[in-house]
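Student: Can you read through this structure? Questions will come right after.
The values are calculated or read from the model by the stated rules, or taken from the named source; none is laboratory data. Computed from a predicted structure; not experimentally measured. FYI the Cβ positions are ideal-geometry reconstructions off the backbone, even for glycines, and counts take in every protein chain you see. Each accessible area value is taken on the protein alone, full model and side chains, heavy atoms only, with ligands, DNA and RNA left out. Shrake-Rupley method; radii C 1.70, N 1.55, O 1.52, S 1.80 Å.
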Amino acid sequence: MKLCRQKKNPLMSPEEKADKRDKERVRVQLYREKKNPLMSPKEKADKRDKDRVRKQLNREKKNASMSLEEQEDKRDKERVRVQLYREKKRASQEAKDNKEENIQEKTCDYNIPVDIKSPIRQARERDQKEIMKVDNDPNACRVAVCVLCDRLIIGCESIHKITGEKLRSQSQRISVKSYEDYHQVKLKDELVSQYQITGYDLEGLLLSPRAKKTCNRNGSVAFE
């Protein structure tokens with residue numbers, strides 16, 4: 001039958017074949033509706049159940065007439081058919097997922113067109129000024145860092161502050177000179193510059209410039 005159809009329509013384009021399949025599908029649907037126009041949903045359900053039972057009986061009757069070798073061969077063919085179907089379905093799903101990933105990568109392109117840059121900028125400015133209150137405040141959203149050990153302060157305990165005056169009072173412990181005298185080494189200028197806080201009379205002390213500083217009303221400065 002399949003060879004006859006291919007021989008009958010050898011020059012049909014894919015669009016013509018698809019159109020023919022659609023017409024055939026509509027024709028079959030109209031035939032079924034014309035055949036059973038007055039059937040209620042319950043009658044249609046009963047008919048489907050009867051057809052299912054009839055097909056099952058036909059299979060059992062056919063299998064009963066088959067030898068053991070024929071049954072085994074049929075099971076092998078069915079197993080291969082199911083395996084091919086699963087592989088085809090898996091390949092189709094992977095192709096669909098790859099297509100969706102490509103679409104997401106295209107939509108996540110950071111080369112934002114000019115026509116939508118302005119709304120994004122306005123939303124960012126409103127978020128920073130009115131909601132987060134961090135506009136022009138470099139210390140607002142900084143992670144807490146210890147001014148002495150240069151490590152992140154992680155946890156739920158209260159963060160205490162230490163004033164510049166107390167830091168200067170401990171110069172015999174945290175200064176560059178005291179470190180070099182205790183460890184009998186000479187620190188390189190590049191390393192010392194990485195642990196210096198400019199201003200506030202804290203030069204010469206090994207402190208973390210990443211620590212958040214707070215200016216008090218009396219003019220003093222405190223660090224975390």
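Student: Need pairs with beta-carbon distance below 7 Å; first residue touching a residue at least 12 places away in the same chain (Cβ under 8 Å) and within the stretch 178-202, second of a type in the set (A, V, I, L, M, F, W, C) and assigned to a helix (DSSP H, G or I); sequence gap 6+ or separate chains.
Tutor: VAL192/VAL176; LEU202/LEU167
Student: Okay, moving on. Test GLU165 against the criterion of being at pLDDT 65 or above and either over 32 Å from the mean Cα position of the chain (by Cα) or acidic (Asp, Glu) (or both), and give yes or no.
Tutor: Judged against the criteria, GLU165 is a match.
Student: Report yes if some residue within the stretch 53-66 is modelled with pLDDT of 85 or more, charged (D, E, K, R) and open to solvent by 80 Å² or more (accessible area, probe 1.4 Å); otherwise report no.
Tutor: yes
Student: Residues being over 34 Å from the mean Cα position of the chain (by Cα) and of a type in the set (A, V, I, L, M, F, W, C): count how many of those fall in the stretch 147-162.
Tutor: 5
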